[in-house]
1. Please report how many Lys pairs in the range 45-96 have alpha carbons closer than 16 angstrom, counting only residues at least 8 apart along the chain or sitting on separate chains.
2. Using +1 on the beta carbon of Lys and Arg, -1 on that of Asp and Glu, and nothing else charged, what's the dipole of the range 2-187 about the Cα centre, debye to 20?
3. Of Ile31, Met53, Gly144, which is farthest on the positive side of the dipole of the range 2-187, counting Cα position, with +1 on Lys and Arg Cβ, -1 on Asp and Glu Cβ, and the Cα centre as origin?
4. Quick one: work out the % antiparallel among DSSP beta bridges in the chain, nearest 5.
5. Based on DSSP H runs of at least 4 residues, each adding -39500 (n - 2.57), what is the mean residue ellipticity at 222 nm of the chain after dividing by all its residues, to the nearest 500 deg cm²/dmol?
6. Across 10 Å bins from 0, what is the distribution of all Cα-Cα pair distances for the range 1-107, in whole percents?
7. Could you work out the relative contact order of the range 2-187, using alpha carbon pairs under 8 angstrom and six or more residues apart, expressed as a whole percent?
8. Mind checking which helices in the chain clear 18 Å along their axis (Cα) and have mean Kyte-Doolittle hydropathy of -0.5 or more, DSSP H runs only?
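Nothing in this text is a laboratory measurement; each read-out follows from the coordinates by a stated rule. Quick caveat, the model's predicted, so the values are computed rather than measured. Here Cβ is always computed from backbone atoms with ideal geometry, including for glycine, and neighbour counts include all displayed protein chains.
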Amino acid sequence: MSKLLTKKLIRQEIASLRKNESREIIENKSIEITKKVIDLEPFINGRAIMCYMDFKNEVMTKYIISHCFEEGKKVILPLVDTIDGVKRIVPYEVKDLERDLSAGTFGILEPKKDRAEIFNPEEIDLVIVPGVAFDTHRNRVGYGAGLYDRFLKSVRNDCPKAGIAFEFQIYDFIPVEEHDIPLDFVITEKRII
Ligand SMILES: Nc1ncnc2c1ncn2[C@@H]1O[C@H](COP(=O)(O)OP(=O)(O)O)[C@@H](O)[C@H]1O
Ligand SMILES: [Mg+2]
């Protein structure tokens, strides 16, 4: 119970910190984070990169995605779908950000089922993971639905997972539960953890 409460407090704390950031600062920090992501070995050598579409004040992914297209990499984006009564991330290959996406839950852009194709998670070479908070041990707190914990079990064991976040989202320790999947990298505008 205390662990749940702590995750909840972290989510509340970050939600209020996020409101303080201007769009300009978010954009500049996102560019710094992009530079570090595109320099990662698994990004350089990866052919299929799973990304996410940012909303509110999350790290912007548009520069990472456009870099993927320029380099001829496949761009995979999540669609949250209810399967057997459970909300799950389903990965889709997206070829055109303008035409293949529409606003889904909470207004987040998601792949259109009739335009994008489901992508085999075993063929993903790098997953860029969003999050509310991360720690210096590469643990992650999300929005509380466990969506990425479930999804990350379906990628290859050797598929690297990189969380991206602003420095204010990094804690020394965040509570970890059995089902939480740790990451291989956490990248901020200042450092790679
Ligand atoms: N692999 C999984 N299988 C079944 N339930 C899971 C799995 N991963 C997470 N959950 C459930 O999702 C809920 C939210 O998980 P939590 O880790 O707190 O969320 P988040 O990762 O979004 O911060 C928990 O109640 C947990 O039991
Ligand atoms: Mg979790």
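1. Step by step, the pairs that qualify in the range 45-96 add up to 5.
2. Charge dipole of the range 2-187: 460 debye, to the nearest 20.
3. Towards the positive end, the residue furthest out is Gly144.
4. Working: 17 of 30 bridges.
The answer is about 55 percent antiparallel.
5. Values: 5 runs with 52 residues, N = 193.
Taken over the chain, the calculation gives -8000 deg cm²/dmol.
6. Final binned percentages: 12, 34, 36, 17, 1.
7. 22 percent
8. On the way: long enough: 2-19 (26 Å, -0.44); 23-37 (20 Å, -0.63).
The qualifying helices are 2-19.
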